[in-house]
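Structure first, commentary second.
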Amino acid sequence: MKNNKQAFSGLKKEASSASLSKKFFAVENIGIYIFLTMLIIFFSVMTNAFLTFSNFIVILRQVSIIGIAAFGQALVVISGGIDLSVGSIVALSGVIAASLTNFFGVPIPLAFLIGIMAGGVCGLANGVLATKVKIPPIIVTLGTLTIIRGLAFIIVGGHTVFGMPESYRVLGRGYVGFIPIPVLIMIVFFILFFIVLNNLNFGRHIYATGSNEEAALISGLNVVKIKTMVFVISGLMAGIGGAILSSRLDSGQAATAQGLELDVLTAVVLGGVSIAGGKGRLESVFVGVLIIGILANGMVLLNVQHFYQLVIKGAVLLLAVSLDVLKKK
Amino acid sequence: MGKEVILSLKNITKKFGALVALDDVSLDLYKNEVLALVGDNGAGKSTLIKIISGAIIQNRGEIYLKGRKVDFASPIEAKRAGIETVYQDLALVDSLNVANNLFLGREEKVSVLGGTLKFLRHRYMEKRSKEILDTLGITIPNIREQVKFLSGGQRQSIAVAKAAAFGKNIIILDEPTAALAVKEVGHILELVKKCKEEGISIIIITHNLEHAFMVADRFAVLRVGKKVGERLAEDTDIDEIVKLITGGTLVKNGKDGSERKIVNA
């Protein structure tokens, strides 16, 4: 039994060194917080227009659709999946809402709601294909990305739907006080999703599923349901994004939001959500969203040419993520 | 002594196609004992515990839990019946903390708005986790530590603690010492004894007979799908168990001066 005693004390020693390293890791993805601060300082020094309250609101409004979709995407990626179809869902939701309003006289709120629900249905299809047919999520959503985009074009016959009543624009262009409605919606969903991930059972189970599916299964979690649910949620969130975009553009266009999924994924990855699943925090995703918005805004203010903007945007993603990777070494 | 039988396997047979993995195996587990299930690779140990834990279903034979016949269609049903299995390296979720891992799948919640929202009781679960670990003599400095930062021994301790906390009747340990540093093995074996003191019956599978002899009250030996022997730990020794495992072909006792072959048990 003497050996055991030694084992005990040995364990204790090891444990304390483990908690030290934990302290080092405690502020996860601190890199992007530093990076965000640096960006803000840089643009504030370089241009006068940047550091103003009204510009801050503009940035938030510009990122609201990406942000809303990114919260849904974050759940999917944490669960170990990926959803490439969000850009197409944004377009589909928009054309459905615009078409219903224009051609069928459906009340506007209902039209938006149906568009959003369509996003949920797309998400359900993604989820079922991924969990029941067991096609890897990246391939499932690569397929539905094209299918959903095609459906959006079919619905409007390739045309742009416009001429909706004036109130159609409220969702995307309206304000509550000085806060744009899309920003308000984004903030509400941020709080909601934060609570879901940190304080609800469902959130813990998403992390567990993404981190160790087998352990989750053994612990009695309904992994299939969890994985399907996150796709449905991502679809709904993209649907909401589509409603806002369509309202903002005051039209239904099947060609909108192409490549949006890449911005959304960039934000999620910037936020330290591991593509391998099981890891990531929503507040960091929000910072990722802000970085994308601030960068785009700042480069416009500095009159950076579009082609250069693309290069810089990609480089920033790599730089911000490498800050975290380097820190961990 | 008339010990109470908690789990009784009667004539269990399992075939995978033409392969007979288990052939008419009957085995009793008594309340409050540690039973070591030993045998060579392919002897049927894993198949047997998978049947007990509901992961696979036998072709023939019955399982009785406390005298009542049970048919587990899934591991979850076995869990509900109070049978917990700690699989090698599968039990924990790296990115969750110690408390979350202990309570994974059985979280304590408070219902809000008539049950539409269920909030996790983080504080309560952390407090309970501490109590559970204390009872079993496990020292984890920070209950909010993600388990990926813990050592192999600590992780295994938590996996066992998770089983012990909720396995009201039986816990099954599959090679609990296999991946551990030497100094951590003692701690896990100590933990097995603690669990036994808590009134749980334990089935332990291990290739390491020395470890088995440190904790087991009884041995059941499987060879190519058949039970070839049962021994009380106090009535047997490593040599005899090895003989049973190998069919007596590999070892001869050196006492009578005959040839002695070294066997790595």
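Show which aspartates and glutamates lie in cross-link reach of B:LYS183 when reach means a straight Cα distance below 17 angstrom and same-chain residues fewer than eight apart are skipped.
Within the straight-line limit of under 17 Å, B:LYS183 reaches these aspartates and glutamates: A:GLU14, B:GLU175, B:GLU210.
Evaluate the charge dipole of the protein assembly as shown about its Cα centre and quote only its size in Debye, nearest 20, assuming +1 on the Cβ of each Lys and Arg and -1 on the Cβ of each Asp and Glu.
400 debye
So what's the back-of-envelope 222 nm ellipticity for chain A, counting only DSSP H runs of four-plus at -39500 (n - 2.57) apiece and dividing by all residues, rounded to 500?
About -26000 deg cm²/dmol.
Per DSSP H run of n ≥ 4, the term is -39500 (n - 2.57); total these for chain B, divide by its residue number, and report the mean residue ellipticity at 222 nm rounded to 500 deg cm²/dmol.
Details: 8 runs with 80 residues, N = 265.
After summing the helix terms and dividing by the residues of chain B, the value is -9000 deg cm²/dmol.
Taking the beta-carbon count within 10 Å as an exposure proxy, list A:PHE202, A:PHE286 from fewest neighbours to most.
A:PHE202, A:PHE286
In nanometres, what is the gap between the two model label sites at B:GLU230 and A:VAL170, each 7 Å from Cα along Cα-to-Cβ?
7.7 nm
Give me B:ARG121, A:ARG204 sorted ascending by neighbouring Cβ count inside 10 Å, so fewest comes first.
Starting with the residue having the fewest Cβ neighbours, the order is B:ARG121, A:ARG204.
Along Cα→Cβ, 7 Å out, is where each label goes; now give me the distance between the ones at B:PHE16 and A:ALA276 in nm to one decimal.
For B:PHE16 paired with A:ALA276, the spin-label model returns 2.8 nm.
Mind checking which aspartates and glutamates have their Cα closer than 12 Å to the Cα of B:LYS196? Skip sequence neighbours fewer than 8 apart in that chain.
List returned: B:GLU33, B:ASP217.
Going out from 0 in 5 Å bins, what whole percent of all Cα-Cα distances in chain B drops into each bin?
1, 6, 12, 16, 17, 16, 12, 9, 6, 3, 1, 1, 0, 0, 0, 0
With no solvent and one equal point scatterer placed on each C-alpha of chain A, evaluate the Debye formula and give log10 I(q)/I(0) for q = 0.14 Å⁻¹, two decimals.
Here log10 of I(q) over I(0) equals -1.12.
What is the gain in length, in nm to one decimal, between B:ASP237 and B:ASN32 on full extension, counting 0.36 nm per residue of separation less the C-alpha to C-alpha distance?
Net length gain for the segment: 71.6 nm.
Kirkwood hydrodynamic radius of segment A:146-226 from all distinct Cα pairs, in Å?
The Cα-based Kirkwood calculation yields 16.8 Å.
Would you tally the net charge around A:ILE294, using a Cβ to Cβ cut-off of less than 14 Å, leaving A:ILE294 out, and scoring K and R as +1, D and E as -1?
It works out to a net charge of +1.
Is segment A:196-329 rounded, prolate or oblate when judged by the Cα gyration tensor, a ≥ b ≥ c being the square roots of its eigenvalues, rounded requiring a/c under 1.5 and prolate requiring a/b larger than b/c?
oblate
Taking the Cα centre of chain A as origin, sum charge times position over the Cβ atoms of Lys and Arg (+1) and Asp and Glu (-1), and report the length of that vector in debye to the nearest 20.
Numbers: 22 positive and 11 negative charges, 237 e Å.
In total the dipole reaches around 1140 debye.
Counting partner chain Cβ atoms within 10 Å of every residue's Cβ in A:270-278, what's the average?
So the per-residue partner count for this stretch is 1.
Calculate the FRET efficiency for A:VAL58 and B:GLU198 from the Cβ-Cβ distance with a Förster distance of 45 Å, rounded to the nearest 0.05.
Working from the Cβ atoms, E equals 0.10.
Evaluate 2.2 N^0.38 Å with N set to the residue count of segment B:94-176, then give the Cα radius of gyration divided by it. Don't skip to the answer; put the middle values down first.
Numbers: Rg = 13.6 Å, N = 83, 2.2 N^0.38 = 11.8 Å.
Its radius of gyration relative to the 2.2 N^0.38 Å reference: 1.16.
Based on Cβ point charges of +1 for Lys and Arg and -1 for Asp and Glu, what charge dipole magnitude is obtained for segment B:1-90 about its Cα centre, in debye rounded to the nearest 20? Before the final figure, lay out the partial values.
Values: 13 positive and 11 negative charges, 55 e Å.
Result for segment B:1-90 is approximately 260 debye, rounded to the nearest 20.
Between A:THR146 and A:VAL300, what FRET efficiency comes out of the Förster formula 1/(1 + (r/R0)^6) with R0 = 35 Å and r the beta carbon distance, rounded to 0.05?
0.70
Points 7 angstrom from Cα along the Cβ direction at A:HIS159 and B:SER74: gap in nanometres?
Going from the A:HIS159 label point to the B:SER74 one covers 5.1 nm.
Across segment A:29-328, how many lysine pairs separated by 8 or more positions, or lying on different chains, have Cα atoms within less than 25 Å?
13
For segment A:244-279, list residues with backbone N below 19 Å from a point placed 7 Å from the Cα of A:LEU318 toward its Cβ?
Taking a point 7 Å out along Cα→Cβ of A:LEU318, the residues of segment A:244-279 whose backbone N falls under 19 Å are A:262-263, A:265-272, A:275.
Amide H of B:ASN59 versus every other amide H placed in the peptide plane: which residues, excluding those fewer than 5 positions away on the same chain, fall under 5 Å?
Close amide H contacts, sequence-distant or interchain: B:THR13, B:LYS14, B:LYS15.
Read phi for every residue in segment A:94-108 and hand back ³J(HN,Hα) as whole Hz from Karplus 6.51 cos²θ - 1.76 cosθ + 1.60, θ = phi - 60°, with x for Gly and Pro.
Couplings: x, 5, 5, 4, 5, 5, 4, 5, 6, 9, 10, x, 5, x, 4 Hz.
Put +1 on the Cβ of every Lys and Arg and -1 on every Asp and Glu Cβ in segment A:29-328; which of A:LEU249, A:ILE233, A:GLN309 then has its Cα farthest towards the positive end of the dipole?
Final value for the positive-end residue is A:ILE233.
When only Cα pairs under 8 Å and 6 or more residues apart are kept, what is the percent relative contact order across chain A?
About 33 percent, as a whole number.
Using the C-alpha gyration tensor of the protein assembly as shown, what are the square roots of 5 times its eigenvalues, in whole angstrom, with the largest one first?
57, 27, 20
I want to verify the translational diffusion coefficient of segment B:2-99 in µm²/s; compute it with Stokes-Einstein, Rh as the Kirkwood radius over Cα pairs, at 10 °C and 1.306 mPa s.
Calculated translational D: 108 µm²/s.
Over chain B, what is the mean sequence separation of C-alpha contacts under 8 Å (at least six apart), divided by residue count, expressed as relative contact order in percent?
Reported as a whole number, the value is 24 percent.
Every number here is computed from the coordinates shown, using simple stated rules; none is lab data. Predicted model, so just to flag it, every value in this text is computed and none were measured. Neighbour counts are summed over all protein chains in view; Cβ atoms, including those assigned to glycine, are modelled from backbone coordinates with ideal geometry.
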